[in-house]
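Undergrad: Below you will find the structure I want to go over with you.
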Amino acid sequence: MTPKVKICGLREATHARVAVESGADYLGFVFAPTRRYVAPETVAAIARDLPRSVPKVGLFVNERAEKIEEIAALCRLDYVQLCGDESPEFCAALAVPAIKSLRVRGPEIADAVERYAPVATWVQLDGFQPGAYGGTGTSFDWQLAGALSERHRIMLAGGLTPNNVAEAIATAHPWGVDVSSGVEIDGRKDPEKIREFIAAAKRGATGATVQLP
């Protein structure tokens, strides 16, 4: 199965269009107070020029449910990704389909996945870094995701690049892969890296050649 590809941390309409044209399956926008934060009004404007067929995901960290749902409506988000300490009950109660992002330290991640998988559209596994809730480019042992991917819809994130995403897919067999810093140069999305990542991810699942658009 060809994995789904999510390009996250988008802040500019040009980069969102490149991602869509290159075959991205999901587009991610960060509404948490980080360097990739983008104002809801900006995302709403970007979304108006994008096809509805490509789902948009909004990232939040320990935000109030009312605020999440308000931004989701304004930006026409299809999913919200919860990257903080939100409980399974919080995820289930939202009016918008939720994704839960978990940071992997070791094998104990399996217990957390089992708790969240029943209420989340998918579970995203990211690298652990003290004091951060993701988006750091930190990788983890992909083999830990392998067994979980057999039972649950797992999206792999953390330290992925155009150069290693095929290996990550071959190791973990995830339902999907997510990238942010791995397609950036000096903190800004790079169109060529976006194209390369998507092509490498699609090619990595089959071994076939994928032509860059």
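Undergrad: Dipole magnitude of the chain about its Cα centre, charges +1 at Lys/Arg Cβ and -1 at Asp/Glu Cβ only, in debye to the nearest 20?
TA: Dipole magnitude for the chain comes out near 420 debye.
Undergrad: Using 0.36 nm per residue, how much length does the chain from residue 50 to residue 190 gain when fully extended, once their Cα-Cα distance is taken away?
TA: Here the segment from residue 50 to residue 190 would lengthen by 48.5 nm.
Undergrad: If you don't mind, another one. Could you grab the relative contact order for the chain? Cα pairs under 8 Å, six or more apart, rounded to a whole percent.
TA: 19 percent
Undergrad: For region 11-129, just run the numbers: alpha carbon Rg, then divide by 2.2 N^0.38 Å, N being how many residues it has.
TA: 1.07
Undergrad: Looking at the P(r) of the chain, how many percent of alpha-carbon pairs lie beyond 27 Å?
TA: Percent of Cα pairs beyond 27 Å in the chain: 24.
Undergrad: Moving on to the next point. Report, in deg cm²/dmol and to the nearest 500, the calculated mean residue ellipticity at 222 nm for the chain, where each DSSP H run with n ≥ 4 adds -39500 (n - 2.57) and the sum is divided by the residue count.
TA: One gets -10500 deg cm²/dmol as the mean residue ellipticity at 222 nm.
Every number in this text was worked out from the coordinates using simple rules, so none of it is lab data. In this text the structure is predicted, and so the values were computed from the model without any measurement. So basically every Cβ, Gly included, is an ideal-geometry build from the backbone, and we count neighbours across all protein chains shown.
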